[in-house]
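Heads up, the thing below is written out as structure tokens.
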Amino acid sequence: MFGLGCSKREARREVSADSTAPWPRPLAPVEPYRKPVGRSDSLINVAAPKITPWVEMWRKADPEFVPESLRLAGVAPAFRGEVQPLKAFYPPPEEGQPVFDVLSARSSDNRYKLIFDWYQDIEEVGEDEIDIGGDADSGPLLLDFLRGTARIFEVCGPSCKYDWGVWLSPKRFALVRADTEPRFRATIAVYSLGDSTVTSYETQPVSSTAYASYRAAWESWVASRFRALKKKAPPS
């Protein structure tokens, strides 16, 4: 039996109970209608085949979801975080290695490594059992092995988490953020290293129950990836 530990998550939920409790909560503001991008958006057309693993997870919340149903949220400057020395983050300490292995993606030219959520924590707590937790904040980390730099380029929380990512090309990647306020939804953002911009797309809002189904699917994905990478690791 492969289970997910809950002791750390329960403790963290006590700290941020207001953000995770589905009801009662303030009414979300009315938002402008945005029509789906359809098949005319070039970024989504390129990303669609590569974001399939995440699409399957989000379909647990919205069974009819397809990439073409995303709504364009806007384009903004990216990579505003402070540049730090690579050695400040890499190689990670032993307790941080699972996050660097499981919640990460490497660019095809091996220059960059994207850590989806630097603040996350993945810990093996028993035979075939892991605990998935982390800080109230959430933020992705980008490592540049050529320049020897590291950058936490976004931070949010406690009502959002960066969950998943994939490289679309050596200079472009997609990163998924899941939000619980003001609505339960996900944002998939396409970051361009070439011009330091980010183009964001949003899903339709879902219910708290549907969102919980997505979180369960995501935790299952993390667990499966953790097990697969552990099997490949050489014996110590």
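Of the residues 3, 74, the single one that is at pLDDT 95 or above and either in contact with a helix residue (DSSP H, G or I) (Cβ under 8 Å, 6 or more places away or on another chain) or surrounded by fewer than 16 Cβ atoms within 10 Å (Cβ to Cβ) (or both) is 74. When 99, 66, 30 are checked against the criterion of being modelled with pLDDT of 95 or more and surrounded by fewer than 17 Cβ atoms within 10 Å (Cβ to Cβ), a single residue qualifies: 66. For residue 206, the stated conditions hold: it is surrounded by 18 or more Cβ atoms within 10 Å (Cβ to Cβ) and of a type in the set (Val, Ile, Thr). Of the residues making up the stretch 143-181, those that are basic (Lys, Arg), over 10 Å from the mean Cα position of the chain (by Cα) and part of a strand (DSSP E or B) are 151, 172.
Would you say residue 107 is surrounded by 19 or more Cβ atoms within 10 Å (Cβ to Cβ), within 18 Å of residue 187 (Cβ to Cβ) and touching a Phe, Trp or Tyr at 6+ places or on another chain (Cβ under 7 Å)? Spelling it out, it is not the case that residue 107 is surrounded by 19 or more Cβ atoms within 10 Å (Cβ to Cβ), within 18 Å of residue 187 (Cβ to Cβ) and touching a Phe, Trp or Tyr at 6+ places or on another chain (Cβ under 7 Å).
Name every residue in the stretch 41-86 that is among the charged types (D, E, K, R), part of a helix (DSSP H, G or I) and in contact (Cβ under 8 Å) with a residue 40 or more places away in the chain, in order of residue number.
If we filter the stretch 41-86 for residues that are among the charged types (D, E, K, R), which is where we start, we get 41, 50, 56, 59-60, 62, 64, 68, 71, 80, 82.
Now restrict to residues that are part of a helix (DSSP H, G or I): 50, 56, 68.
Correct list: 50, 56.
The values are calculated or read from the model by the stated rules, or taken from the named source; none is laboratory data. Computed from a prediction, not measured in an experiment: that's the story for all the values here. For neighbour counting, all protein chains shown are included, and Cβ atoms are generated from backbone atoms with ideal geometry for every residue, glycine included.
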